[in-house]
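Below: one structure, written as structure tokens.
The values are calculated or read from the model by the stated rules, or taken from the named source; none is laboratory data. The shown structure was predicted, so the numbers you read here are calculated from the model rather than taken from an experiment. Reconstructed Cβ throughout: ideal geometry from the backbone, glycine too, with neighbour counts over all protein chains shown.
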Amino acid sequence: MNAITIEHDQETMNQIGPSPSTIRLQFSHVSDVLPGLEAAVQSLIGAANRDRRCGILIVRHGPGDYTATLDPSVKFGETETRILA
């Protein structure tokens, strides 16, 4: 089973408008990871284009557990990946 949770960070929302700023993804099948991450990035691109101050950060928290978020530490137009576990 896969789960996707969209979280709205109020500070980021005030900057970029009514779009999700963080998407939490959990996958139970490895074959779902890449398509799920690509879909999350695509859904954040619109907000990133409006803001033009944040890039997209993908973080792997553990097996099958990821977040995709708009992050000001990532240059606009770029996507970075970090692995925590």
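Figures for the structure shown
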item: Subset of region 5-41 (residues that are more than 22 Å from GLU78 (Cβ to Cβ), modelled with pLDDT of 90 or more, of a type outside the set (Val, Ile, Thr) and part of a helix (DSSP H, G or I)); result: SER31, ASP32
item: First in region 42-54 and closer than 12 Å to LYS75 by Cα, second anywhere and among the polar types (S, T, N, Q) and in a helix (DSSP H, G or I), Cβ under 7 Å, 6 or more apart; result: ASP51/GLN15
